[in-house]
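Asks: Structure in structure tokens, see below.
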Amino acid sequence: MEEKRLVERSKNGDEEAFGVLVKKYKTKVFNLAYSFTRDRETADDLTQEVFIKVYYALEKFKFQSGFGTWLYRIAVNHFKDYLRKHAKERHVSIDSLGREPSLPEDEFKKKERIQDTADRKKLLYESLRSIPEKHQVILTLRDIQGHSYEEIAGILKLSAGTVDSRLHRARKMLRKKIAPFLSQEGGNHEM
């Protein structure tokens, strides 16, 4: 069924139509929440909260943008609110990246490679969380979620030029945060 019709039916109280919309967007909203929180349980809770907000805000949707864009705008704002409220809880020291050898040499090397990858991901996400929120959001939407510049502009209500310049600044900030840790490892790693 066409999405516009599903939205119209949902606005008129058709829970089955709303269920189809939820099914269509649930994974994308969850992945976005997980990109922000890095915690599956929290991402699941936030996803449910977003769809509750969307359900009660449906009457305000006027088809001035696509439903997905409107939904993502609500989701991003909800996630930003969550991150602001829980800022102290999610701050973990980047310096806490360490390992202890306790396996035979071959197994240790294999585990070390896996751990190095996990440590890099952890470093990346911790560094991402340490930059200003507007830059964190734009990097998450573009580089983690893969949204186009036009989609991001619609979600955040920004011009494409602002998206481009903010993304450039955000990437520069992230590189600056990560660079000291990469040079400690003795090389230029691609993340």
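Only the coordinates and a few stated rules stand behind these numbers; no lab work does. Just so it is clear, the structure is predicted and the values come from calculations on it, not from any experiment. A quick note on method: Cβ atoms are made from the backbone with ideal geometry, for glycine too, and the neighbour counts reach across all protein chains shown.
Asks: Average projected area of the Cα convex hull of region 49-91, in nm²?
Replies: Across all orientations, region 49-91 yields a mean hull projection of 3.3 nm².
Asks: Give the Rg/Rh ratio for region 1-90, taking Rg as the radius of gyration of the Cα atoms and Rh as the Kirkwood radius, to two decimals.
Replies: Dividing the radius of gyration by the Kirkwood radius yields 1.00.
Asks: Continuing with the same structure: What is the dipole size for region 1-90, taken about its Cα centre, with +1 at each Lys and Arg Cβ and -1 at each Asp and Glu Cβ, in debye to the nearest 20?
Replies: 400 debye
Asks: Between beta-carbons, use under 10 Å as the cut-off and find the net charge around Phe30, counting Lys and Arg +1, Asp and Glu -1.
Replies: Neighbour charge sum, excluding Phe30 itself: +2.
Asks: With a sphere of radius 11 Å drawn around the Cβ of Arg9, what net charge do the other residues whose Cβ falls strictly inside it have (Lys, Arg +1; Asp, Glu -1)?
Replies: Surrounding charge for Arg9 is -3.
Asks: Here is a further query. Measure up Lys23/Lys157; Lys85/Lys177; Lys62/Lys157 against 20 Å on the Cα-Cα distance and list the ones that go over.
Replies: Beyond 20 Å between Cα atoms: Lys23/Lys157; Lys85/Lys177.
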